[in-house]
Amino acid sequence: MDLLTDIINVKTEGNTDILNITPEIEKVFAKANITEGIMHLFVIGSTAGLTTIEYEPGLVEDLRNYFKRTAPEDIDYKHHERWHDNNGHSHIRATIVKQSFSLPIFNKKIILGTWQQVILVDFDTRPRSREIVVQIFGKTA
C-alpha cells in the first residue's frame, strides 16, 4: 500500500463562495500511482466545507439560497457574544456540510458520477486562503 499526501491552496471570496476543485484534486491524483484505493479530502478551518454537486450556475445558486434559509446571517448567534466576529452562521453552515469526505479509486480513476464535481464552500464573512489536505491511499500499479 502506498500513501501520497499533498495540499491544495485556493483563494476564496467568502460569503458562501462555491468553488469547483475537481481539476485540482485530479492534478494531485495524477502524481499518485494508485490503481485502487481511497482519496481523502480535508479542508482546514471551521468555516468551510467540502462536498459534491452538479456544478452548474442554477444549482450553485440554489445551494447558496439553501444556506441563507437554513442558517441566516441576520439572526443572533451566541458565538458572536464571545468572539464578536459576526460569523456564527458561517460555523453552522460548515457544520452541516462537514470539512472532510472520501472518494473511491478504482481502475486508476477517481470515482465520481457523470456530472458530479467536488466543491469547496467557504462560508466565512471575508476572503480567505484555504488549504485542502489530500491523502491518497491504495495499491500501486
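The values are calculated or read from the model by the stated rules, or taken from the named source; none is laboratory data. Given the structure is predicted, the values throughout are model-derived calculations rather than measurements. With ideal geometry, Cβ positions are generated from the backbone for all residues, glycine too; neighbour counts draw on all protein chains shown.
Number of residues in region 122-141 that are over 17 Å from Thr35 (Cβ atoms) and not in a loop (DSSP other than H, G, I, E, B): the value is 8. The requirement of being assigned to a strand (DSSP E or B), modelled with pLDDT of 95 or more and on the phi < 0 side of the Ramachandran plot is satisfied by Ile119. For region 66-93, a tally of residues being in contact (Cβ under 8 Å) with a residue 40 or more places away in the chain and of a type in the set (S, T, N, Q) returns 2.
Among the listed residues Glu26, Glu13, which satisfies the condition of being acidic (Asp, Glu), closer than 20 Å to Ser90 by Cα and either within 14 Å of the chain's Cα centre (by Cα) or surrounded by 13 or more Cβ atoms within 10 Å (Cβ to Cβ) (or both)? After applying the criteria, what remains is Glu13. In region 111-126, the qualifying residues are those that are out of contact with any Ser or Thr (no Cβ under 6 Å at 6 or more places or on another chain) and farther than 18 Å from Thr95 by Cβ, and the one that is surrounded by the fewest Cβ atoms within 10 Å (Cβ to Cβ) is Thr114. State yes or no: is Leu3 out of contact with any His (no Cβ under 6 Å at 6 or more places or on another chain), crowded, with 17+ Cβ neighbours inside 10 Å and closer than 22 Å to Val134 by Cβ? No; evaluated as a whole, the condition is false for this residue.
Within region 37-78, the set of residues being farther than 20 Å from Lys98 by Cβ, surrounded by fewer than 15 Cβ atoms within 10 Å (Cβ to Cβ) and touching a strand residue (DSSP E or B) at 6+ places or on another chain (Cβ under 6 Å) is empty. If the condition is being surrounded by 18 or more Cβ atoms within 10 Å (Cβ to Cβ) and small (Gly, Ala, Ser), then region 127-140 contributes only Gly138.
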